[in-house]
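Only one structure is covered here, and it is reproduced in the block below.
Values in this text are rule-based calculations from the coordinates and carry no lab data. Remember, predicted model here, so these are calculated numbers, not experimental data. With ideal geometry, Cβ positions are generated from the backbone for all residues, glycine too; neighbour counts draw on all protein chains shown.
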Amino acid sequence: MKKRIANAENESTYLYGPVKICEEIQVINISSEALETAIHHALSNYQLDIDIKAPNGKIIHPREWFTADLETINDVVNGIIAKLRMG
């Protein structure tokens, strides 16, 4: 994960800013794509609604960021993992 965020200040995915890892959840035998899609849907009410101007002047409307607290995120993710394991 540290390698993935090493250049965050220069990437639109990370809003051209530094990133701090707050929590990591290891998931085994679950599709990462299915999990990510389910998390995005479950947290849609918490999606950050912001436009930012990239260094090249382009306006970016990020969809990968949410304003939920860590407890809410953990509850959502753990619930989704339990459902995916059952299915």
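Summary table
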read-out	value
Net dipole in debye of the chain [+1 Lys, Arg Cβ; -1 Asp, Glu Cβ; about Cα centre; nearest 20]	280 debye
Calculated [θ] (222 nm, deg cm²/dmol) that DSSP helices of n ≥ 4 give over the chain, each run adding -39,500 (n - 2.57)	-11000 deg cm²/dmol
Within segment 48-70: backbone nitrogen closer than 15 Å to the S12 label point (7 Å, Cα to C-beta)	50-65
Separation between Cα centres of segment 12-35 and segment 65-82, rounded to whole Å	12 Å
For the chain: Kirkwood Rh in Å [reciprocal of mean 1/r, alpha carbons]	14.6 Å
Within a Gaussian network of the chain (alpha carbon springs, distance under 10 Å), most fluctuating of A38, A54, A68	A54
Qualifying chymotrypsin sites (Phe, Trp or Tyr not before Pro) for segment 4-56 [loop in DSSP, other Cβ within 10 Å: at most 13]	none
Residue of S32, S12, S44 that the Gaussian network model of the chain assigns the largest fluctuation, springs spanning Cα pairs under 10 Å	S32
Longest exposed-site-free window of the chain, the sites being trypsin sites (Lys or Arg not before Pro) in a DSSP loop that have at most 12 other C-beta atoms within 10 Å	21-57
Filtered GluC sites (Glu not before Pro), the chain: DSSP coil and at most 16 other beta carbons within 10 Å	E11, E23, E24, E64
